[in-house]
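Structure record follows, encoded as structure tokens.
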Amino acid sequence: MIRLSDIFVKNKETGKKYDVKKVNPEKHEFAYDYRGSKENPNPFQKEKPKKLKEEGTPEGISFTEFAQKRLEGATKIANDAKAKGGAAILTYHHFIVKLPHYKNAVDGKFNQQEAQIEMKKYLDELCSVSAEMEQIHFQELVGLIEVLGELIIKSK
């Protein structure tokens, strides 16, 4: 369990009250002042990359190619999680619900307006989450919101 004191400390060099600690110096290269500065008023908000350079990134491929790559990735993750079993079954449910939407997009059956209506329905349901909701249903709901959001954004 991470405590707030594990993350926020007084920076002795700058005198500012709260800087984010480097939790793992080998992987986390930056510490942020949560109050921001004139140069960066919101240090937790990263700049949007103008164009990602890696092959297969959303900016470098068509909508159909994007959906195909996401379908392949989600299929692999769902299959691996199902085979692993145990707590990974939640991951399986999170990804398995994405497959039909990616498949429809690959087949040219994606409709942005219908997707936005469907996504709003799921967002409304997510906003009413309570202790009565099952973990599997929650994972499916979040997976559906993710896939629809990705496809809506990419289809623009």
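Output the peptides 121-129, 89-97, 103-111, 69-77 sorted from most to least packed, where packing is the average of other Cβ atoms within 10 Å over each peptide's residues.
Result, highest mean first: 89-97, 69-77, 103-111, 121-129.
Can you run the Rg to Rh ratio on segment 58-155? Use alpha carbon positions and the Kirkwood inverse-distance Rh.
On the Cα set of segment 58-155, Rg over Rh gives 0.99.
We did not get these values from a lab; they are worked out from the coordinates using the rules stated. Everything numeric here is computed off the predicted structure, so don't read it as measured data. Cβ coordinates were reconstructed from backbone atoms using ideal geometry, including for glycine residues, and neighbour counts include every protein chain displayed.
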